[in-house]
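Below: the structure, in structure tokens.
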Amino acid sequence: MRVTKGAWLVAGTALLALTVAACGSGAPAGGGEGGDTPVRMEIGEPKNQLVPGLTTEAEGAEVLGALFEPLVKYTKDRQAEPNVAESVASDDNKTWTIKLNQGWTWHDGEPLTAQNYVDAWNWAAYKPNAASAAHFFQMVEGFEDVNPSEEGAQPAAKTMKGLEAVDDLTIRVRLTRPNSQFRLMLGYTAFYPLPAKAFDSNGKITQKYMQQPIGMGLFKMDKPYRKGTDQVIDLSVYEGFKGDKPKNWKQLEFRIYSGQSAAETAYNDLQAENIDVHDSIPSSQLISAQTALGDRYHDDPTSLISYIGFPITANPAFAKPEVRKAISMAIDRKTIAEQVFSGARSPADDFISPAVDGYRPGACTEACSYDPAKAKELYAQAGGPPRIDLGYNADGGHKEWMEAVANNLRANLGIQVQLKPEEKFGVILTALEKHEYKGAFRIAWLYDYPSMENYLTPMFGKAAAKGGSNYSGWTNDQFDELINKGNEARTPAQAIKFYQQADDLLLKDMPYVPVFFHRINWGHSTRIRNVELNMLDQVVWAKVEKADAA
Amino acid sequence: MSSGTLARRRAGGRHKKRRGRPAGLWADAWHDLRRRPMFVASVILIGVLLLMAAWPSLFTSIDPFDARTCELRLARQTPTPGHPFGRDNQGCDLFARTVYGARNSIVIGMLTTLATAVIGGLLGLLAAFHSRWADAVLSRVTEIFFAIPAILGALLIASTFRDSEVDSILLVVFALTILGWPMAFRIMRAAVITAMSQDFVTAARALGAGPWRIMTRHLLPNALAPVIVISTINLGGFIAAEAALSFLGVGVRSPDISWGLMIAEARDRFQYAPLPLVFPALFLSVTVLAFIMLGDAVRDALDPKLR
């Protein structure tokens, strides 16, 4: 899940990322030799060490995306196309064969092998390693042996029996049940490989590797990154890289911004050309950014959705669907989108983002439309609580819209609303995990891979209610059954039908309230051009050119 | 300033002669103050602000705590009839919010001033009057507090306790008092030590007055003036400090209203919507200025030597 602390929060499974993103590139004008000065991008501090299995948020994923190259890439129409993999094939969606392309090497020159993938995935799945990406592998046969779901149970094996390196370039994966989404998942951070050098004799990842990971992507790491101390991560182009390389530059630098006004500070730096890419321009600056950056300002659709969530199992006051529906109907999404976000968000009308197939415009018509009179009536009938707390993280630029939501609820429902800003999103998530959080909260979800299913299972599935990112605690057996049917379906169209039926259950019960579909607002400096983002909102570095070296 | 004071002292002298008997310190000061335009101006300003703090509804019919008065779609509207300052980023009436914001600023300023004067004054009196040992300990303690940068220290205290259920206004008062009392302590201690060497104290002692009587009848009345002066001047400073803490997010919290909070909320959009920042900032500056002017005038009147 990618949870975003910033503009978006995602909780859950695999995908999304945090806040403010970062990107940067920048090349200072260095005379004829543009290649010598780094391209600089803003990021927030990665939540964990830079290891694929530990990284399920957007900031760390941005850095890992530069160090590693995924098995599959996503096309504009959200299909997986082979990349490091030559092919990903299956007859029954249950046994998958992944063939690797020849000639890929690690940054130290060692060849990339199928075993590297098997090792990395087994490491991530193994319970004692406590990898946040472990749940990505739960559909693999033998996952229960390495990561028993019972609390306190010890794993019976260190490796999953469904995972096998048939030869140097072939991986065979057996799933416990057919899953048509498996090919799509392979492009996510969690499925990157790890070199043999990463492990010590006990099969643990060494401290040295965590600080200076050896990857197989476009960039290699020049010096160790000490998390919490270092404010920059320096990378340079790996000459042995098999894919496309940037034309006229070689150095990449990620600059870490943290604190309450990180996005604002970085935006000032972008204007001063101290950084080259900023992918989380704060909403209060959107109007001025359009004039200040001109055609270097970009406003693109993204897969992020924000919700208002409720701790349904932890606080009986939110137990009735009518209470949640009334809250939903009391929020004037359209006006908030216009006045607070200058149109950079649009009112959400589904639990699913328009960025994936299966989204139905207007799916949430009644409960997501602004109807103060009906909201008040419904809330009174259902006996909604006279006072609610509304939690958000203070570091992600949420204050203004949360104030607006609170004003909506106060005015339209006639209740007291206390805003509860927390320093970091993690504070709220941790309290939710322990079922100690009683207030409503903001949360956001960015997909990990472009599939409708990624908006359902991680946030509302039964398995995710225990240690995953199902923070409301809402569960429904029929919902899980429909997801499974969707996963087992032979064609994407069939799968989507089942997923949409599952979505209908959400729309009926409203465990969360969808609030906004986001756009990603980013910009770059005059020193670079040809900047674009891929389907995971990461910068496509190979295409970036330095302007001054032309 | 100095020539004015001279004139004032001459006037005071004439006054005494006219009345035929010596006026006391307070009567003299009052007579002096009434004639100073700075004093009159600041008293009028403070009077209006106090009225605003006590009965904000006299100034505006809009209740800013009623969310129904906010119209988000009209956010950042410039002044219109009925909304003389326009609307803020949430579409709430800016004038009503600014008026209601006076209460927290003034309550916090006054409570802090009172608390620092009482705590610092009492400790100062005790330190000066009692044993050397108590004086040494208390003086060292104040030096430690003096060494802490005030805003930084208050920030630390306020942020440490902000998760507790303590009322945010009391918390600000507490944080500022902890860091503000040493000033009153020092002034009081110095004044008491000076007074103790006066002949009338020796005389009182010779006549058999006990320590309690000496303290209350002789020392306190003679040492009170400088503490009052410094407290009045500090009041403005405390109001500014409250705004700073609220601006930084550890002071008064929404949905309470405070000028510092309003400034913080308006700063990101200042470039194209300056009014939501300008008005609370203006009120804040004028309030701080009024209290500092008052303090200055009182100081000149009560203790010309301090000039």
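The values are calculated or read from the model by the stated rules, or taken from the named source; none is laboratory data. Owing to the predicted nature of the structure, the values given are computational and were not obtained by experimental measurement. Heads up, the Cβs are rebuilt from the backbone with ideal geometry, glycines too, and the neighbour counts pull from every protein chain shown.
Values as computed for the structure displayed
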{"read-out": "Qualifying residue in region A:515-522 (condition: modelled with pLDDT under 90 and either among the β-branched types (Val, Ile, Thr) or more than 30 Å from A:LYS245 (Cα to Cα) (or both))", "value": "no"}
{"read-out": "Residue satisfying all of: in region B:227-276; in contact (Cβ under 8 Å) with a residue 40 or more places away in the chain and acidic (Asp, Glu); farthest from the other protein chains (Cβ to nearest Cβ) among these", "value": "B:GLU242"}
{"read-out": "Matching entry among B:ARG8, B:ARG73, B:ARG97, B:ARG36 (being modelled with pLDDT of 90 or more and surrounded by 16 or more Cβ atoms within 10 Å (Cβ to Cβ))", "value": "B:ARG97"}
{"read-out": "Subset of region A:503-515 [more than 25 Å from A:GLY187 (Cα to Cα) and crowded, with 23+ Cβ neighbours inside 10 Å]", "value": "A:LEU506, A:MET510, A:PRO511, A:TYR512, A:VAL513, A:PRO514, A:VAL515"}
{"read-out": "Every residue from region A:267-314 that is away from chain B (no Cβ under 14 Å), of a type in the set (A, V, I, L, M, F, W, C) and not in a loop (DSSP other than H, G, I, E, B)", "value": "A:LEU270, A:VAL277, A:LEU293, A:LEU304, A:ILE305, A:ILE308"}
{"read-out": "Hits in region A:461-500 (condition: part of a helix (DSSP H, G or I) and in contact with a His (Cβ under 8 Å, 6 or more places away or on another chain))", "value": "A:ALA463, A:ALA464"}
{"read-out": "B:ALA223 being of a type outside the set (D, E, K, R) and over 26 Å from the mean Cα position of the chain (by Cα)", "value": "no"}
{"read-out": "Hits in region A:355-410 - residues which are within 11 Å of chain B (Cβ to nearest Cβ) and of a type in the set (S, T, N, Q)", "value": "A:ASN407, A:ASN408"}
{"read-out": "Contacts under 6 angstrom Cβ, first residue in region A:318-342 being closer than 18 Å to B:ASP88 by Cβ, partner among the aliphatic types (A, V, I, L, M) and part of a helix (DSSP H, G or I), 6 or more apart", "value": "A:THR335/B:LEU72; A:ILE336/A:ALA404; A:GLN339/B:LEU72; A:VAL340/A:ALA404; A:SER342/A:LEU286; A:SER342/A:ILE287"}
{"read-out": "Filter result for the condition that a residue is within 27 Å of A:TYR449 (Cα to Cα), more than 14 Å from chain B (Cβ to nearest Cβ) and aromatic (Phe, Trp, Tyr), over A:PHE351, A:PHE341", "value": "A:PHE351"}
{"read-out": "Index of the failed condition, B:ALA115 passing every other in (1) aliphatic (A, V, I, L, M); (2) out of contact with any Leu (no Cβ under 9 Å at 6 or more places or on another chain); (3) crowded, with 17+ Cβ neighbours inside 10 Å", "value": "(2)"}
{"read-out": "Qualifying residue in region A:224-245 (condition: exposed (fewer than 15 other Cβ atoms within 10 Å of the Cβ), at pLDDT below 90, out of contact with any strand residue (DSSP E or B) (no Cβ under 9 Å at 6 or more places or on another chain) and within 14 Å of chain B (Cβ to nearest Cβ))", "value": "no"}
{"read-out": "Answer residue from region A:411-430, given it is charged (D, E, K, R) and either closer than 21 Å to B:ARG73 by Cα or touching a helix residue (DSSP H, G or I) at 6+ places or on another chain (Cβ under 7 Å) (or both) and is farthest from the other protein chains (Cβ to nearest Cβ) among those", "value": "A:LYS424"}
{"read-out": "Selected residue [within 14 Å of chain B (Cβ to nearest Cβ), under 23 Å from A:PRO385 (Cα atoms) and either touching a helix residue (DSSP H, G or I) at 6+ places or on another chain (Cβ under 6 Å) or hydroxyl-bearing (Ser, Thr, Tyr) (or both)] from A:ILE336, A:ILE331", "value": "A:ILE331"}
{"read-out": "Selected residue (only one of A:ALA463, A:ALA380 is farther than 18 Å from A:GLU57 by Cβ, of a type in the set (Gly, Ala, Ser), modelled with pLDDT of 95 or more and surrounded by fewer than 18 Cβ atoms within 10 Å (Cβ to Cβ))", "value": "A:ALA380"}
{"read-out": "Boolean, B:ASN89 is closer than 24 Å to B:GLY237 by Cα, touching a residue at least 40 places away in the same chain (Cβ under 8 Å) and in contact with a helix residue (DSSP H, G or I) (Cβ under 9 Å, 6 or more places away or on another chain)", "value": "no"}
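Every residue, every condition in (1) within 14 Å of chain A (Cβ to nearest Cβ); (2) in contact with a helix residue (DSSP H, G or I) (Cβ under 7 Å, 6 or more places away or on another chain); (3) closer than 25 Å to B:VAL172 by Cα; (4) modelled with pLDDT under 90, yes or no:
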site	(1), (2), (3), (4)
B:ILE62	yes, yes, no, no
B:PRO81	no, no, no, no
B:ASP93	yes, yes, no, no
B:ALA115	no, yes, yes, no
B:TRP133	no, no, no, yes
